[in-house]
Amino acid sequence: MSLKEKSIVLTGFMGVGKTTVGKAVAKKLYRDFIDIDKEIEKKFQMPTTEIFKTYGEKTFRQAEKEMVLHFSQQKMKVISLGGGAFLQEEIKQACYENCIIIFLDLSFESWKDRINLIIDSRPVLQGKSLEEMEQLYNERQPIYQTYHSKINTDSLDVEETAEYITDSLKLAWELYE
């Protein structure tokens, strides 16, 4: 598969903007957008929080692995992963081999400002104190270190981030094709 045909995977901690940025990038590149969490919700016909409550995290992670392995082999997609997807080595390897991985990095200080927007839809944050959330944030940072490109989004809005990604990809395609 040529570099230009590879799907683009957005990874990073929950709430950093993978879905929002992913939709914008997909639109700019005329690609289909795939949100892995939404695909899992369609499969189970319930929100992620309910999947966790009803079936548990293990069942969710298995469905996540199946979805990512399926979509990562397809061409010309923009794929948003859940914040915990890269906890599974098999997912990380499939994405690294088949896709272009872009890590959306956001400092904890900036992330804290988004908690109220995301808390209800993130099962792994339920019932956690701010200190526990920070600990989870810090524990997860090493799993995102397998990437082709990293973008710190602290001072960028959605449009600026999407523009930076598409410009970088287009330059890489020109240089390496």
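A few notes on this one:
- Fraction of accessible area attributable to carbon and sulfur, the range 1-52 (%, probe 1.4 Å): 49 percent
- Mean projection area, nm², convex hull over Cα of the range 57-169: 7.6 nm²
- With helices as the sole contributors, the chain gives -16000 deg cm²/dmol at 222 nm; each DSSP H run of n ≥ 4 counts as -39500 (n - 2.57), and the sum is divided by every residue.
- Solvent accessible area, Å² - Asp35, 1.4 Å probe, full protein context: 20 Å²
- Contact order, relative form, for the chain: 35 percent (alpha carbon pairs under 8 Å, 6 or more residues apart, mean separation divided by residue count).
- Based on protein heavy atoms only, the chain ends up with 52 Å² per residue of surface accessible to a 1.4 Å probe.
- Among Ile100, Ile118, Ile79: highest mean-square fluctuation, GNM of the chain, C-alpha pairs under 10 Å: Ile118
- Heavy-atom accessible surface of the range 94-177: percent carbon and sulfur, 1.4 Å: 47 percent
- Considering only Ser72, Ser149, Ser129, the mean-square fluctuation computed in a Gaussian network model of the chain, springs between alpha carbons under 10 angstrom, is largest for Ser129.
- Degrees separating the helix 18-29 axis from the principal Cα axis of the chain, which is the longest one: 20 degrees
- Structure note, pairs Lys92/Lys112; Lys27/Lys53; Lys4/Lys53; Lys6/Lys53: Cα-Cα distances above 30 angstrom occur for Lys27/Lys53; Lys4/Lys53; Lys6/Lys53.
- Pairwise centroid distance, computed over Cα atoms, of the range 1-24 with the range 88-106, Å: 10 Å
- The loop-placed trypsin sites (Lys or Arg not before Pro) in the range 12-79, going by DSSP, that have at most 16 neighbouring Cβ atoms within 10 Å of their Cβ come out as Lys75.
- With all protein chains in place and ligands, DNA and RNA left out, the 1.4 Å accessible area ranks Met67, Met133 as Met67, Met133, largest first.
The values are calculated or read from the model by the stated rules, or taken from the named source; none is laboratory data. The structure displayed is predicted, hence computed values, not measured ones. Quick reminder, even Gly has a Cβ in these numbers, built from the backbone with ideal geometry, and neighbours come from all protein chains shown. All accessible areas refer to the heavy atoms of the entire protein, side chains included, with ligands and DNA or RNA removed. Shrake-Rupley method; radii C 1.70, N 1.55, O 1.52, S 1.80 Å.
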